[in-house]
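The values are calculated or read from the model by the stated rules, or taken from the named source; none is laboratory data. Computed from a predicted structure; not experimentally measured. When we count neighbours, we look across all protein chains shown, and the Cβ atoms used for this are built from the backbone with ideal geometry, even at glycine. Remember, those area values only see protein heavy atoms, side chains included, never the ligands or the DNA or RNA. Shrake-Rupley method; radii C 1.70, N 1.55, O 1.52, S 1.80 Å.
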Amino acid sequence: MCTQYIEYKPRRVLNVYKHCDGAWFWNRYSANPYVGCEYGCEYCYFRAKRYFRFDWDFSEVIKVKVNAPILLRKELSKVKKDITMLGFYQPVEVKYRLIRSMLEVCAELGFPVHMNEKSDLILRDLDVLKEINERSWACVTFSIITKRKSLRIWEPKAPSVEKRFEAMKEISGAGITTGTALIPVLPFIYDDDENIEEIVRETAESGGKYVIGGSLTLGSPLTEHYLSILRENWPDLVEPTVKLFSSWKKGREKADYPKVGDVPDPAYQAKLGRKVKEICERYGLSDRIERPLHIYPPEIRSNKAVANYLFERTYRLELEGAPPHKIWAYRKAAWTIDEMEISLKNLLDERGFDGLLSLPNVGKKIAKEILQVLKEVD
Ligand code: SF4
């Protein structure tokens, strides 16, 4: 079936998140001029009902928000400057050029952008990305999960990985921060050291600065779809996969599909994260994307530095397998500091250590760490 494009004019285009996506992509906003994605990857989260609630095939019918750039200008004018994720490039963009127009809006209004892409079509708009990067910050993350031939089973229509790495080289050469999202790592298929190392090595050779890794997440009816592909191509992996997604939850030990959970065992996720970190270190890359501080007003830059520290701590605790209450304590404190409108330094000057303790979600232990970070960023 030929892909069908349906034009329409929504009332809004900008998603404003309650909290920044700390220690991952760092965006506070996102906007996509298209509903659906022609690449139709078999593991795509759009196949899960909670992400794509419509009843048409997300890869065969693409709804086009023809007024997206106009809406974006209007909506960005009403919010504080922060990182905006735009996307995704796909064949429909060749015809409509909406992402380009939206990038031009960001360039004009001084909004930093983060793009998470599978398509080298992004190179068409390198001039605008450079302009944004000069004025604030631009970052391009390429989604790459393997270089193996079997990728065609999972990504039948996406541009080749070679093209993505070539695009990464060009973007890095233009002085724009770039790297790889090794997401989703498909359990037992692409989670081996050799695969991860190949992606990390090629990222380093292509001028990338980081590789962030994350496991597959499921959700009905993606779960059924994913298992059917395993059954056809990797039948031996059906059982371990079902177990990985179900056995760690109490009561699911003996349950069969369809009681498969949406996320794999946290211990598996932590081990995967540690593996990515260790391999990245060997190649001089980071396993996190560095958040730019210069895009924020000078008076709250130290707040952001502290928030970055707390977000990073949250992630590291996850990798260590720390208890959830401890992880959540750091995450909530990070949100508190990240969203403060007044300067932490001023608060400290005026009210001392008690000032830090007066903040929601900040206890004595975390307040001491905040104090230390503030001294270091001084
Ligand atoms: S490119 Fe991304 S959004 Fe598009 S189908 Fe693949 S995983 Fe989904």
query: Can you work out the FRET efficiency for the pair Lys9 and Ser228, with r the C-beta to C-beta distance and R0 = 41 Å, to the nearest 0.05?
result: 0.65
field: Residue (of Val64, Leu129, Leu103) at the positive-pole extreme of region 64-180, dipole from beta-carbon charges
entry: Val64
message: Testing the spin-label approximation: label points 7 Å from Cα along Cα→Cβ at Lys364 and Glu166. State their distance in nm.
response: 6.1
message: Run the simple label-point estimate for Tyr45 and Ile70 please: 7 Å along Cα→C-beta, distance reported in nm.
response: 3.1
- prompt: How much of the accessible area of region 240-378, probe 1.4 Å, is carbon plus sulfur, in whole percent?
  reply: 53
- request: Place a label point 7 angstrom from the Cα of Arg301 along the Cα-to-Cβ direction, then list the residues of region 83-102 whose backbone nitrogen is under 18 Å away.
  value: 83
task: Quickly estimate the mean residue ellipticity at 222 nm for the chain, helices only: each DSSP H run with n ≥ 4 gives -39500 (n - 2.57), and the total goes over all residues, rounded to 500.
output: -13500 deg cm²/dmol
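What is the calculated FRET efficiency for Leu371 to Arg282, with r their C-beta to C-beta distance and R₀ = 25 Å, to the nearest 0.05? All intermediate terms of the calculation are to be shown ahead of the outcome.
On the way: r = 34 Å, r/R0 = 1.36.
E between Leu371 and Arg282, to the nearest 0.05, is 0.15.
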- prompt: Which whole-number value in Å² is the accessible area per residue of region 298-377, probe 1.4 Å?
  reply: 51
- prompt: To the nearest 20 debye, what is the magnitude of the charge dipole of the chain about its Cα centre, counting +1 on the Cβ of each Lys and Arg and -1 on the Cβ of each Asp and Glu?
  reply: 1100
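Output the relative contact order of region 144-292, whole-number percent, from Cα pairs under 8 angstrom with separation of 6+ residues.
Working: 191 pairs, mean separation 38.1, N = 149.
Contact order relative to length: 26 percent.
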- prompt: Given the chain, what percent of its DSSP beta bridges are antiparallel, to the nearest 5?
  reply: 15
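Identify the GluC sites (Glu not before Pro) of region 322-357 meeting these criteria: DSSP loop state and at most 10 other C-beta atoms within 10 Å of the C-beta. Working shown, then result.
Numbers: sites: Glu339, Glu341, Glu350; in loops: Glu339, Glu341.
Answer in residue order: Glu341.
Want the number for Glu320 to Glu290: 0.36 nm per residue separation, take away the alpha-carbon distance, what's left? Could you put the intermediate results ahead of the total?
Values: separation 30, 0.36 × 30 = 10.80 nm, distance 2.07 nm.
Fully extending the segment from Glu320 to Glu290 adds 8.7 nm.
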statement: Between Val16 and Arg351, the two model label points (7 Å from Cα along the beta-carbon direction) sit apart by a distance in nm of 2.6
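Relative contact order, percent, of region 179-226 when contacts are C-alpha pairs under 8 Å separated by at least 6 residues? Before the final figure, lay out each step's value.
Numbers: 45 pairs, mean separation 26.2, N = 48.
The normalised contact order for region 179-226 reaches 54 percent.
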Extreme residue, positive dipole direction of the chain, given options Ile196, Val35, His225 (C-beta unit charges): Val35
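Compute, for region 298-377, the length of the dipole vector about the Cα centre, with Cβ point charges of +1 (Lys, Arg) and -1 (Asp, Glu) only. Units Debye, rounded to 20. Provide the component values of the computation, followed by the final result.
Working: 13 positive and 12 negative charges, 55 e Å.
With Lys and Arg at +1 and Asp and Glu at -1, about 260 debye.
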